[in-house]
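Shown next, in structure tokens, is the structure this report addresses.
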Amino acid sequence: VWAASAQNGIWRSFDGGESWAAANAPVPHTYGQIALHPTDSDIFAYSTDQARITVDGGASFQDFPLAWTGNDTSVRGLAFDGDRVYAAQLSGQVHRSDDLGRTWTSVGSLPAPDHEFMLISGGHDEKEHLWLAVTSGGAVLAASSGNGVYRSTDGGESFVAVLEDHVS
């Protein structure tokens with residue numbers, strides 16, 4: 001079991017949550033997204049402004065070598081589909097790796113989160129958010145605060161709005 005918070009760091013439990021140990025993460029907090037490999041519990045990724053991955057259960061972490069694009073390069077969205085990893089920047093740019101983050105390709109893009117919406121909605125931390133998830137059928141889902149929910153069925157190359165509403 002993995003857990004992470006913006007203030008208290010990244011933690012791992014090997015006994016179903018009975019006890020916890022701090023992970024050896026280079027940045028001891030996260031305010032982006034955490035992602036768990038669907039079949040290998042030793043593989044975990046998290047984002048602060050940069051995205052990082054461990055493939056050895058938290059003993060070490062490596063930065064994802066992403067090609068930064070757009071005005072805001074902070075990584076917020078992360079998701080695994082087997083050894084394929086998706087990362088989304090606050091600029092809306094989506095990247096895909098087919099080798100656990102060693103190499104990356106810039107693929108599609110999403111509407112960047114709406115900062116003005118976060119300020120007027122009273123968001124819990126007034127930060128923009130962009131979340132990613134992958135369905136069991138391989139579709140990539142993305143939620144962009146203030147803009148809605150989007151789906152990609154072509155590996156992140158293109159996204160279609162499935163819920164055009166304010167997501168906070």
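The values are calculated or read from the model by the stated rules, or taken from the named source; none is laboratory data. As the structure is a computational prediction, the values presented were derived from the model and not from experiment. Quick reminder, even Gly has a Cβ in these numbers, built from the backbone with ideal geometry, and neighbours come from all protein chains shown. Only protein heavy atoms, including side chains, enter the accessible area calculation; ligands, DNA and RNA are left aside. Shrake-Rupley method; radii C 1.70, N 1.55, O 1.52, S 1.80 Å.
Only protein heavy atoms count here; under a 1.4 Å probe, T135 has an accessible surface of about 50 Å².
What is the extension gain from T103 to F14, computed as 0.36 nm multiplied by their sequence separation minus the C-alpha to C-alpha distance, in nm to one decimal? Each step should come with its number before you reach the end.
Values: separation 89, 0.36 × 89 = 32.04 nm, distance 2.99 nm.
Gain on extension, T103 to F14, equals 29.0 nm.
Here W104 sits with roughly 40 square angstrom of accessible surface, probe radius 1.4 Å.
Please list F61, F44 in order of solvent-accessible area, largest first, computed with a 1.4 Å probe with all protein chains present. Intermediate results must be reported in sequence, preceding the final value.
On the way: F61 30, F44 0 Å².
Sorted descending by solvent-accessible area, the residues read F61, F44.
Of R102, R96, R151, the residue with the largest accessible area leads and the full order is R102, R151, R96 (1.4 Å probe). Note on E157: accessible area is roughly 100 Å² with a 1.4 Å probe, heavy atoms of protein only.
Where does the charge balance sit around D81 when Lys and Arg score +1, Asp and Glu -1, over other residues with C-beta under 15 Å from its C-beta? Don't skip to the answer; put the middle values down first.
Values: positive: R84, R96, R151; negative: D40, D83, D98, D99, D154, E157.
Overall, the nearby charge balance is -3.
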